[in-house]
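Take a look at the structure set out below.
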Amino acid sequence: MHFSGKEIDQYLQQKEYVDSAVVPLVQLDLNSSGLKTSASASDYLQSLANLLEKQFKGRILLFPPVSYAKGADRSRLADELTKEIGNTEFKHIFYITTDAEWRSLEEFKNVIWLPAIPTESMDQSFKQSVMEDQLRQVLPLFINEWTQHS
């Protein structure tokens with residue numbers, strides 16, 4: 001389910017079945033040399049997140065992307081997110097990102113890092129194929145977490 005007015009109503013009715021939250025983490029690099037890369041990474045990550053939501057509809061709630069500046073204090077942001085989402089009933093919380101710096105925060109669990117693939121110039125059918133391939137690589141990470149901690 002998506003974090004939207006319509007689907008939140010559905011989530012509230014079925015929340016005992018929706019045990020996982022997915023939070024995309026999007027780095028904003030707004031200088032002229034990083035803008036294109038940042039936008040491309042955001043597009044890729046949101047496309048993948050939407051595929052995940054579609055695959056696991058009824059099991060996950062896909063939050064809107066958390067956007068932060070390139071120089072942001074990731075440790076502070078991780079603490080804030082952990083506290084806020086930790087107050088919910090989600091058994092599993094996943095963070096997906098193309099920003100490799102998140103991998104260095106050992107106390108921040110279930111961060112799935114993916115290299116950004118520039119998909120904006122791809123033919124639609126090829127892009128779909130690439131995204132489905134990426135999804136196949138990510139699915140075992142979710143399934144493993146669910147299997148180990150259910």
Handout entry: Sole exception among (1) touching a strand residue (DSSP E or B) at 6+ places or on another chain (Cβ under 9 Å); (2) modelled with pLDDT under 90; (3) surrounded by 14 or more Cβ atoms within 10 Å (Cβ to Cβ) for Ser150, by number
Key = (3)
Practice task
Answer yes or no: is there a residue in segment 35-49 that is assigned to a loop (DSSP other than H, G, I, E, B) and either among the aromatic types (Phe, Trp, Tyr) or in contact (Cβ under 8 Å) with a residue 60 or more places away in the chain (or both).
Solution key: no
Exercise for the section: Return the total of residues in segment 27-55 being surrounded by fewer than 20 Cβ atoms within 10 Å (Cβ to Cβ) and within 26 Å of Ser129 (Cβ to Cβ). Expected result: 13
Exercise for the section: Have a look at Ser75, Ser129 and point out the one that is of a type in the set (Gly, Ala, Ser), without any contact (Cβ under 8 Å) to a residue 24 or more places away in the chain and over 22 Å from Tyr11 (Cβ atoms). Expected result: Ser129
Problem - Top-ranked residue in segment 1-18 [being open to solvent by 20 Å² or more (accessible area, probe 1.4 Å) and part of a loop (DSSP other than H, G, I, E, B); ranked as farthest from Phe142 (Cα to Cα)] - result: Ser4
Practice task
Check Leu105 against each of (1) modelled with pLDDT of 95 or more; (2) touching a helix residue (DSSP H, G or I) at 6+ places or on another chain (Cβ under 6 Å) and name the one condition it does not meet.
Solution key: (1)
Exercise for the section: Output yes when any residue across segment 112-120 is at pLDDT below 90, of a type in the set (S, T, N, Q) and either under 15 Å from the mean Cα position of the chain (by Cα) or within 27 Å of Ser4 (Cα to Cα) (or both), and no when none is. Expected result: yes
Problem - Enumeration of residues in segment 70-126 that are under 20 Å from Gln46 (Cα atoms), part of a helix (DSSP H, G or I) and open to solvent by 70 Å² or more (accessible area, probe 1.4 Å) - result: Glu101, Arg103, Gln124, Ser125, Phe126
Handout entry: Scan of segment 96-124 for residues that are small (Gly, Ala, Ser) and more than 21 Å from Ala39 (Cα to Cα), ordered by number
Key = Ser104
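The values are calculated or read from the model by the stated rules, or taken from the named source; none is laboratory data. Every value quoted in this text rests on a predicted model; they were computed, and no experiment measured them. Here Cβ is always computed from backbone atoms with ideal geometry, including for glycine, and neighbour counts include all displayed protein chains. Remember, those area values only see protein heavy atoms, side chains included, never the ligands or the DNA or RNA. Shrake-Rupley method; radii C 1.70, N 1.55, O 1.52, S 1.80 Å.
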